[in-house]
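Take a look at the structure set out below.
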Amino acid sequence: MIKYHPSTDLLDAFAAGELPTSMAIALSAHVELCQECQVYVAVAEDKLAANAFNDDAVPSEWNEDAEHEMLAAIFADTAANDNKVMTQSEPRSSQITVGDKTYALPRALQRFGTSTWASFGKVQRARLNLDEGATRASFLHIDEGGSVPAHTHKGYELTLLLDGTFEDESGRYVPGDFILLDNRHHHTPQTKEGCLCYTVANAPLYFTKGMSKLLNTVGHAIY
């Protein structure tokens, strides 16, 4: 069962079409997998439609909580987004293959099914060409028994688990889980069975233990 969901601020922004493409893709894929958030977004869209005819309607405001800075960074990425619209001529694939494994893709990610993979040991990454400046969106695949070294984040990092499972210091994640982290979080993701994720990050990871800390010198090139 999905335990980790986008905040209501992000769901509201998604319903209003206010998110940069990289994050809108993540929300769309999560909503496709999560019945609870499907219902929320449907209600939010109905309210927006009703408010469009209401002269007294005012925009909603963010909650001033610990997520404010992270959400502000996400919304700031909209300035680098060209609001590209996918056309019917773009090729689509309902599946993606990594090595000897093939995975089904949510509709929002099917135009990236032929992405090119780079391998880093048991971790493979395929970057999506969304042209959003410093914000980078990728598929991330971790083989059975693989892990990502202990790290924190210089900016925010969104991970949407598409298939398989992984664990870190905060718990175990299943397909559909939407995990949004920033510099308040330290973790070491690892998987027993392997997993496929969609990730969005607006700054390099910062590795915190062992030899992996050497990667911090080239972090801008590998996130």
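The values are calculated or read from the model by the stated rules, or taken from the named source; none is laboratory data. All figures in this text were calculated on a predicted structure; none of them were measured in a lab. Note: ideal-geometry Cβ built from the backbone for every residue, glycine included; neighbour counts use all protein chains shown.
The figures follow:
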| item | result |
| --- | --- |
| Breaking point among (1) in the same structural domain as A126 (by TED's automatic domain parsing); (2) modelled with pLDDT under 95, for L109 | (2) |
| Flag if H151 is surrounded by fewer than 20 Cβ atoms within 10 Å (Cβ to Cβ), at pLDDT 90 or above, more than 22 Å from I25 (Cα to Cα) and not assigned by TED's automatic domain parsing to the domain that holds Q38 | no |
| The lone exception for Y198 - which of (1) surrounded by fewer than 20 Cβ atoms within 10 Å (Cβ to Cβ); (2) part of a strand (DSSP E or B); (3) not polar (S, T, N, Q) it fails | (1) |
| Given (1) touching a His at 6+ places or on another chain (Cβ under 8 Å); (2) without any contact (Cβ under 8 Å) to a residue 24 or more places away in the chain, number of the condition T116 does not satisfy | (1) |
